[in-house]
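What follows is a single structure, written as structure tokens, with notes after it.
The values are calculated or read from the model by the stated rules, or taken from the named source; none is laboratory data. Just so it is clear, the model here is predicted, and its values are computed rather than measured. FYI the Cβ positions are ideal-geometry reconstructions off the backbone, even for glycines, and counts take in every protein chain you see.
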Amino acid sequence: MAETALTDHGEPAARAAGWRGIAADWSSDQRAFKNVSWGKAMMWIFLLSDTFIFSCFLLSYMTARMSTTVPWPNPSEVFALNIGGTHIPLILIAIMTFILISSSGTMAMAVNFGYRRDRVKTATLMLVTAAFGATFVGMQAFEWTKLIMEGVRPWENPWGAAQFGSSFFMITGFHGTHVTIGVIFLIAIARKVWRGDFDVERRGFFTSRKGHYEIVEITGLYWHFVDLVWVFIFAFFYLW
Amino acid sequence: MVDVPYEATVDVPPAEVADVELYHPKSWWTQYVFSQDAKVIAIQYSLTATAIGLVALVLSWLMRLQLGFPGTFSFIDANQYLQFITMHGMIMVIYLLTALFLGGFGNYLIPLMVGARDMVFPYVNMLSYWVYLLAVIVLASAFFVPGGPTGAGWTLYPPQAILSGTPGQDWGIILMLSSLILFIIGFTMGGLNYVVTVLQARTRGMTLMRLPLTVWGIFTATVMALLAFPALFVASVMMLFDRVLGTSFFMPALVEMGQQMKYGGGSPILFQHLFWFFGHPEVYIVALPAFGIVSDLISTHARKNIFGYRMMVWAIVAIGALSFIVWAHHMYVSGMHPHFGFFFATTTLIIAIPTAIKVYNWVLTLWRGDIHLTVPMLFALGFIITFVNGGLTGLFLGNVVVDVPLSDTMFVVAHFHMVMGVAPIMVVLGAIYHWYPKVTGRMLNEALGKLHFWVTFLGAYLIFFPMHYLGLLGVPRRYHDIGEAAFLTPSVHTLNAFMSVVALIVGLAQILFLFNLVWSLFKGKASGGNPWRATTLEWQTPETPPGHGNWGKELPVVYRWAYDYSVPGAPEDFIPQNQPPARRTAQGAAT
């Protein structure tokens, strides 16, 4: 495959450490990132761009929250649940966060087994990750339903600043879309792993390129990123 | 003096990137329509951008007719005038210039100039074009919906952009925002390709510091676009919600037609920050590819190596980085804290340093060069003049105290048309004259080209130079009819009429240029592979126009930088990048 790093099986590249090493890589021939495939480089750069999108969303939300003249609803109360007669603040969000972070663990294991070419374990772990992701989106749907039943709308809510509902639906919606795309991505790649596409170097339907087990890691990069973004949303929206 | 040490790499380095397996088209459809070949995608991008650009050209005619002869054309009312300025601005900045420089020139030139067979992910690259086409169709469809396109001005400032006093409030604004979101999605798919191709798919010997400046300009602009467009994306999504769902991200409490609106608590200034965090880098997203291309045009047609190559590269990178911390100089009159004005004025003026380095280096490249006044060279020279002119008025507008009285006058319009309208368009035209032979195998007609240049260059000057004077008198921008006022001297009206007549002539010259493009495709004289005797890799392809995969069997190997023109002792006045060095003579006069 074109993206294979040929120097992997050449002589080990002796490279300077630290800044000198970075400068040497960037001023070197053919590739700025040595032994990084095209797909992986592209995913990293995409994630950098996506970081700017989420930063803009979060900064806009913070601006709205800091400049509002009406009280901001207290997230601990809004997102509390009554379970067995006990009033537990933020419990649903805590569970959702736990699930999403666990899914990062199973994803990392899938990447590991992918490089060991363990088809079954890789595909299974990817499907477990996808299941965690789907659970997360399901719980988010439950949360949305609950808030909508309580009268929260993008343009108003019973407790205070209208921007609370607007920001909530927009940011969690945008993040939830990312998780959903990730789940679809995971299932599609898991299917290819399961079928053994990367062992027989079957060509892609659209691109006619041979696939690679590295795609599992690239999927993982995206998944960990979506996870990391959630940590920031959790900190800035729910805990603030 | 060559500051890239090519002698050290006489031995060819091992290939780190294996040759790509290309997608081989199986039918006419996959070869010419749903093509994954970057060269075909580039032509598709260019043709679409030109088509929508023609719409913007016609809109500018209509605006000029109204301004030059107010009251004469009953079919242009105030609402339509606002719709024309909005669509003209948005099309020119985003759908024409950004798409043409990055999607058009980027797709065509990056793989050829870095010695790759194609972009790294051709399928994603193809999707990029089709999403762009969809964005253009959504944008253009605004002309046919009830209420017409939005008239909010290209900056789309809320709250007015979504209030009922603004034309296009029904559908226009929704289509505009949707189109922008689509454009950004499409651009991201292409942009990731351009960046990864430059970083990871260069041919043997092509280090970053041997890249032609064209690639440096397009590459840096693409990185900037990937980081700046997110802000516009977020702003568009939020304003779309304000308009469609009734959220109040940007909408303060308002009374409209005596009615208290349901909005409240939003911040219009937040939109301005988001918009200009995109909008200012956007200026350089358009300018940096122009800087890069013009460097190559000047060097090639003056038969001289570019002066200070490393400084040119670092200036491009520095301008790209600095442009992210100057955005609020567009907001001096928005009521933000004066300390911000101080900060942003300082950063704005700092950008003048790397920009001035570039201008000096272009002039020093010309100095004692063997200047061939070919059509591309004429356009390159035209660029330097209009760009310096626009840059100098930028010093006026970058300073808070000078900007405040000039804000929202024709002076601003004259400034940005000079610096990011006329100047990059000069480069686009020059670049088309320069690379047309590579794309088609035929030369553009030179007589028509020279006529086109002189009419465009002198005409653009005659339009925009007097406009500065109108602005200094206080003529406001975005007014359908300035009417009569004490500060408006009779010469204002005379000049307005004069500028309108010239604008019609300049527009006709562009039609002449389009005719030249089509005519030369069939009747132009055959160009051969390297008509300009240029050094860069795209002129060294085995076939012209380059075939699928660009390079035939073997990828080229690069031994030197892109600017070996008029090297003393060399048999020709140019040495292609892929020509191996001769054995060194005693005192290092190797070629």
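If only residues of the range B:253-276 that are over 12 Å from A:Gln163 (Cβ atoms) and under 35 Å from the mean Cα position of the chain (by Cα) are counted, the one that is nearest to the other protein chains (Cβ to nearest Cβ) is B:Leu274. Scanning the range B:82-100 for residues that are β-branched (Val, Ile, Thr) and under 13 Å from the mean Cα position of the chain (by Cα) yields B:Ile91, B:Val93, B:Ile94, B:Thr98. For the range B:319-378, the set of residues classified as within 18 Å of B:Thr393 (Cα to Cα) and basic (Lys, Arg) consists of B:Lys358 only.
Residue under question is B:Asp3, and the condition is that it be within 14 Å of chain A (Cβ to nearest Cβ), at pLDDT below 95 and more than 30 Å from B:Val518 (Cβ to Cβ); does it hold? When the stated conditions are applied, B:Asp3 passes them. Being part of a loop (DSSP other than H, G, I, E, B) and free of Cβ contacts under 8 Å to residues at least 60 places away in the same chain is a description that applies to B:Ala485.
For the residues B:Gly168, B:Gly147, the requirement of being farther than 30 Å from B:Leu22 by Cβ, at pLDDT below 95 and either crowded, with 24+ Cβ neighbours inside 10 Å or touching a His at 6+ places or on another chain (Cβ under 8 Å) (or both) singles out B:Gly168.
Residues considered: B:Leu451, B:Leu397. Of these, the only one that is touching an Asp or Glu at 6+ places or on another chain (Cβ under 6 Å), touching a residue at least 12 places away in the same chain (Cβ under 8 Å) and at negative phi is B:Leu397. Within the range B:192-211, the set of residues being of a type outside the set (A, V, I, L, M) and either closer than 20 Å to B:Pro13 by Cβ or within 7 Å of chain A (Cβ to nearest Cβ) (or both) comprises B:Thr197, B:Gln200, B:Arg202, B:Thr203, B:Arg204, B:Gly205, B:Thr207, B:Arg210. When restricted to residues that are farther than 30 Å from A:Thr68 by Cα and of a type in the set (Lys, Arg), the range A:118-168 contains 2.
Is the range B:411-426 home to any residue that is part of a helix (DSSP H, G or I) and more than 21 Å from the chain's Cα centre (by Cα)? There is at least one residue in the range B:411-426 that is part of a helix (DSSP H, G or I) and more than 21 Å from the chain's Cα centre (by Cα). Scanning the range A:33-45 for residues that are hydrophobic (A, V, I, L, M, F, W, C) and in contact (Cβ under 8 Å) with a residue 24 or more places away in the chain turns up A:Val36, A:Trp38, A:Met43, A:Trp44.
Condition first: crowded, with 18+ Cβ neighbours inside 10 Å, away from chain B (no Cβ under 14 Å) and hydrophobic (A, V, I, L, M, F, W, C). Can you find one or more residues in the range A:80-89 that meet it? No; the residues of the range A:80-89 include none that is crowded, with 18+ Cβ neighbours inside 10 Å, away from chain B (no Cβ under 14 Å) and hydrophobic (A, V, I, L, M, F, W, C).
One line per residue, one yes/no per condition, for (1) within 10 Å of another protein chain (Cβ to nearest Cβ); (2) modelled with pLDDT of 95 or more:
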site	(1), (2)
A:Pro154	yes, no
A:Pro158	no, no
A:Ala162	yes, no
A:Ile171	no, yes
A:Phe174	yes, yes
A:Val179	no, yes
A:Ile187	no, yes
A:Arg202	no, no
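Residues in the range A:1-23 that are modelled with pLDDT of 85 or more and over 31 Å from the mean Cα position of the chain (by Cα): 1 in all. Reported count of residues in the range B:529-571, each being closer than 24 Å to B:Ala431 by Cα, of a type outside the set (S, T, N, Q) and not in a helix (DSSP H, G or I), is 21. Selection of helices (runs of 4 or more DSSP H) fully inside the range A:17-117 by the criterion of at least 1 residues being within 30 Å of B:Arg204 (Cβ to Cβ) returns A:18-26, A:38-67, A:91-115. Here B:Arg117 fulfils each of the conditions (1) away from every other protein chain (no Cβ under 14 Å); (2) at pLDDT below 95 apart from (1).
When you check B:Gly459 against the structure, is it outside any loop (DSSP other than H, G, I, E, B) and without any contact (Cβ under 8 Å) to a residue 60 or more places away in the chain, yes or no? Here the answer is yes, as B:Gly459 does meet what is asked. Residue count for the range B:473-498, restricted to those that are under 24 Å from the mean Cα position of the chain (by Cα) and closer than 13 Å to B:Leu65 by Cα: 0. Each residue in the range B:62-75 was checked for being part of a loop (DSSP other than H, G, I, E, B), touching a residue at least 40 places away in the same chain (Cβ under 8 Å) and not aromatic (Phe, Trp, Tyr), and 2 pass.
Residue by residue, here is whether (1) within 14 Å of chain A (Cβ to nearest Cβ); (2) under 15 Å from B:Met87 (Cα atoms); (3) surrounded by 24 or more Cβ atoms within 10 Å (Cβ to Cβ) holds:
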{"site": "B:Val131", "(1), (2), (3)": "no, no, no"}
{"site": "B:Leu139", "(1), (2), (3)": "no, yes, yes"}
{"site": "B:Phe143", "(1), (2), (3)": "no, yes, no"}
{"site": "B:Ser164", "(1), (2), (3)": "no, no, no"}
{"site": "B:Ile181", "(1), (2), (3)": "yes, no, no"}
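Identify, from the list B:Ala321, B:Ala315, the residue that is under 30 Å from B:Pro405 (Cα atoms), within 25 Å of the chain's Cα centre (by Cα) and assigned to a helix (DSSP H, G or I).
The conditions single out B:Ala321.
If you go through the range A:81-99 one residue at a time, do you hit one that is touching a Gly at 6+ places or on another chain (Cβ under 7 Å) and in the same structural domain as A:Ala235 (by TED's automatic domain parsing)? No, that holds for no residue.
The residue list B:Tyr23, B:Tyr81, B:Tyr32 contains one member that is hydroxyl-bearing (Ser, Thr, Tyr), surrounded by 20 or more Cβ atoms within 10 Å (Cβ to Cβ) and within 30 Å of B:Glu543 (Cβ to Cβ), which is B:Tyr23. Filtering B:Thr188, B:Thr214, B:Thr222, B:Thr247 for residues that are surrounded by 24 or more Cβ atoms within 10 Å (Cβ to Cβ), among the hydroxyl-bearing types (Ser, Thr, Tyr), within 13 Å of another protein chain (Cβ to nearest Cβ) and touching a residue at least 24 places away in the same chain (Cβ under 8 Å) leaves a single hit, B:Thr222.
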